[in-house]
Amino acid sequence: MRTSKYFAFFYLSMGFLPLLFFLLLVSTVYNYIYYKELLVLTGVDLIVFSVLGLLEIYKRTEKIKTNTLVKNYINTVKSNDYSIIVGGFDTKSKEIKQKQYKVNVNKYTSVLDVLLQVKKKQQNSLAVRYSCRMGICGSCGMVINGKPALACETNFMKVSKDKVVTAEPMQAHPIVKDLVTEFKDFFDKHSSVEPHLIRENVKEQMTGKTPYDQKPSETNKFLPYSYCIMCGLCNDACPVANSNPEFLGPQALSQAYRYQMDSRDQSEGRLTAIDKLTGLWGCEFAGACSKACPKGVDPASAIQLLKLSTVEDDLKK
Ligand code: SF4
Ligand code: FES
């Protein structure tokens, strides 16, 4: 009789063994994470630390579940009753042809995501330029719902009207194919304003051993203008750049101002080069460039300040 009692006790204890191993594991991990010690506990300590560990795991899981971002993501409903109308330039017919595609979006989908979805699943010949997908490279500029914008920075659901978004190539740049435009003229105009530091002593620029010092107050004079990512949206929004291909455009002029205001720059000719009707004086101050800029560069103000500098320079002569 006594022997059978011992056997019953033995079998019951065997049932608890997995639980004990589990508690042992939890307490060891808990100790390692919080006290950086590989401490294997036994007895009461083991149970206390295991319970603490389990409570911590529970607390953390609850915290993750209540995190707004995670909650939003869990609650995100995918919807496929949205569509995009792509006004792509057809290289054969030399015309802009519109085509509508049904797309699958959620509240985080950007217009660029949608275009890539169309390219992957419906029309793999669709030409769209992009690189960083985070508003840094300036490659994905296009006209979205009639306004120049970066496709990767535009939330699809936010801009959709009656669940439809239109995407077209920019107008102030020659079109290559579909949504891709040619930037050669844009970059040429940018280069023409010498967007780099010019020093009287050119040799010293190559051989100088010390940096050119600049006070923060001096840097602040041009800093906002140095955020340009050369996306070309300002030129596309500008009514003058759209009607006069000779006009330097807000991008190049704002970069002329950026270097003109740099205390390290010693250029004499930059202002003279842009002091003309197709340069500074072509600007009619519509202000559309500053509105379109995704980086807050404000080319419109740069152009007016440059006009002031040239007048001041002329008065000094
Ligand atoms: S000024 Fe703004 S809109 Fe114009 S090219 Fe630079 S970043 Fe783009
Ligand atoms: S992909 Fe780089 S700015 Fe949009």
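None of the figures in this text is laboratory data; all of them are computed from the coordinates on show. The structure displayed is predicted, hence computed values, not measured ones. Because the Cβ atoms are built from the backbone with ideal geometry, glycine has one as well, and the counts that use them run over all protein chains shown.
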Among the Cα-Cα pairs of region 62-181, the proportion with separation greater than 19 Å, in percent, is 48
Under 5 Å from the placed amide H of VAL176, counting only residues 5+ away or on other chains, we find THR181, GLU182
When CYS234, CYS137 are ranked with the fewest other C-beta atoms within 10 Å first, the list becomes CYS137, CYS234
If every Lys and Arg gets +1 and every Asp and Glu gets -1 at its Cβ, then about the Cα centre the chain yields a dipole, in debye to the nearest 20, of 1580
Answer in debye to the nearest 20: the dipole magnitude of region 78-180 about its Cα centre, from +1 Lys/Arg and -1 Asp/Glu charges placed on Cβ, is 240
Whole-number value, in Å³ per residue, for the convex hull of the alpha carbons of region 271-317 is 74
Going fewest to most other Cβ atoms within 10 Å around each Cβ, VAL118, VAL311 line up as VAL311, VAL118
Cα extents of the chain per principal axis, largest first, Å, are 118, 58, 30
Nearest-0.05 FRET efficiency for VAL311 and ASP81 at R0 = 41 Å, using Cβ-Cβ distance, is 0.10
In region 78-180, taking the dipole from +1 charges on Lys and Arg beta carbons and -1 charges on Asp and Glu beta carbons about the Cα centre, the listed residue (GLY88, GLN117, THR166) farthest towards the positive end is GLN117
Residue-normalised 222 nm signal for the chain, counting each DSSP H run of n ≥ 4 as -39,500 (n - 2.57), nearest 500 deg cm²/dmol, is -14000 deg cm²/dmol
Fewest to most Cβ atoms within 10 Å: ARG258, ARG60 sort as ARG60, ARG258
